[in-house]
Amino acid sequence: MPTTLTAFADVTTSDSALRRFLHGLPGVDAVGLEARAASLGTRSIKTTAKAYAIDLAISMIDLTTLEGADTPGKVRALSAKAVNPDPTDRTTPMTAAVCVYPDMVATAKAALNGADVKVASVATAFPAGRAALPVKLADTRDAVAAGADEIDMVIDRGAFLAGRYLETYELIKAVKEACVRPDGSAARLKVIFETGELSTYDNIRRASWIGMLAGADFIKTSTGKVGVNATPANTLLMLEAVRDFKAQTGIQIGVKPAGGIRTTKDAIKFLVLVNETVGEDWLSNTWFRFGASSLLNDLLMQRQKLSTGRYSGPDYVTVD
């Protein structure tokens, strides 16, 4: 399938053109969306499928620490856990990435020491996104220069909610350009919408399309810093958006729910959403991630239970 945005070339030529396009998208049936998400969440899976799902979920985690009290020691410990989540079982898959603040990227990169785990960095004045554009771009460039493989940016929710859609689009485009390294390679860009602050499902759909049109490699629900983060319904809506975008352009975009996903049961519900909505093409850590800190421990305990028949409890795993 050819990959092209030619059909949407006129959409981003002006604020009015982009507004017409976004407000012309089909309205979201909130009741139907939530009902479908709830229905898919009731699916049960067999033991062999559960074992596969647990390993898949572990491999999709962006193991995250984004606290003001983060230290190099904590980041090194987190990186070690990402590479070897269960020291008693070397068959446990590595996580997809570690996610840290920009000033911790070099520490994480050194700690990973060439392991097949990406370093993701938040940027653009995370989590609020309240800073001047030059500051946001410098934040991004610093993280990329330090070795970040992926950038998790935040949009300016104030601009979006005020209807300044083209400003939001141009911010993402500018950050995308800042992800390019001197050798021409680029860090992958995840665009965080903070869905809990967007008020409506229609706004989440519009934000998803802005992100995809602007060149996002992933669209991401949340920072994990507000009251409402990833939910099955808002993730389902974003999965439908990337499905429709690929159908119209041939371009595949990843999805990352983040915040509030803490248990194996939660993770499996999200994997069912992926499988039933966009299919196997998205069932890898190239195209689907979990932004989480505590989820990994529960997955490890459930994995241990499946292999030994005994539930080890929280003392079995390290506390991040």
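The values are calculated or read from the model by the stated rules, or taken from the named source; none is laboratory data. As the structure is a computational prediction, the values presented were derived from the model and not from experiment. Heads up, the Cβs are rebuilt from the backbone with ideal geometry, glycines too, and the neighbour counts pull from every protein chain shown. With ligands, DNA and RNA removed, areas are computed over all heavy atoms of the protein, side chains included. Shrake-Rupley method; radii C 1.70, N 1.55, O 1.52, S 1.80 Å.
Which entry in (1) 22.0, 69; (2) 27.9, 103; (3) 19.1, 60 is this structure's computed Rg and Dmax of the Cα atoms in Å?
Only one option fits the structure, namely (3).
Note down the relative contact order for the chain as a percent, whole number, built from C-alpha pairs under 8 angstrom at least six residues apart.
19
Under 14 Å from the Cα of K50, which aspartates and glutamates turn up, not counting those fewer than eight places away in the same chain?
Within the straight-line cut-off, K50 pairs with D266, D298.
For the chain, give the percent of accessible area contributed by carbon and sulfur heavy atoms, probe 1.4 Å, rounded to a whole number.
52
Could you give the nm distance between label points at S307 and V180, where each point is 7 Å from its Cα heading toward the beta carbon?
Here the modelled spin labels are 4.5 nm apart.
Checking the table K176/K265; K46/K225; K81/K190; K74/K173 against a 30 Å threshold on Cα-Cα, which pairs fail?
K176/K265; K46/K225; K74/K173
Considering only protein heavy atoms, what per residue accessible area in square angstrom results for the range 1-42 with a 1.4 angstrom probe?
For the range 1-42, the solvent-accessible area averages 63 Å² per residue.
With a Förster radius of 25 Å, plug the Cβ-Cβ distance of E280 and A17 into 1/(1 + (r/R0)^6) and report the FRET value to the nearest 0.05.
The computed FRET efficiency comes out at 0.10.
Expressed as an acute angle from 0 to 90° and rounded to the nearest 10, what is the orientation of the C-alpha long axis of helix 165-178 relative to the principal long axis of the chain?
So the inclination is approximately 60 degrees.
Please report, in whole Å³, the volume per residue of the convex hull around the C-alpha atoms of the range 28-91.
That works out to 144 Å³ per residue.
Whole number in Å², please: accessible area per residue of the range 70-134, 1.4 Å probe, ligands, DNA and RNA not counted.
44
Taking 0.36 nm per residue of separation and subtracting the Cα-Cα distance, what length does fully extending A77 through A128 add?
15.6 nm
Based on the Cβ-Cβ distance of T42 and R262, what FRET efficiency does E = 1/(1 + (r/R0)^6) give at R0 = 25 Å, to the nearest 0.05?
Efficiency for this residue pair is about 0.85.
Which net charge results when you count Lys and Arg as +1 and Asp and Glu as -1 among the other residues whose beta-carbon is under 12 Å from that of A178?
Charge balance near A178 sits at +2.
In whole angstrom, note down how far apart the Cα centers of the range 246-261 and the range 1-55 are.
8
R0 = 41 Å: FRET efficiency of N113 with K173, Cβ-based, nearest 0.05?
That gives a FRET efficiency of 0.75.
R206: net charge of surrounding residues, Cβ under 15 Å, Lys/Arg +1, Asp/Glu -1, itself excluded?
So the environment of R206 carries a net charge of -3.
Once label points are set 7 Å from the Cα along Cα→Cβ at both A69 and S294, what is their separation, rounded to one decimal in nm?
1.5
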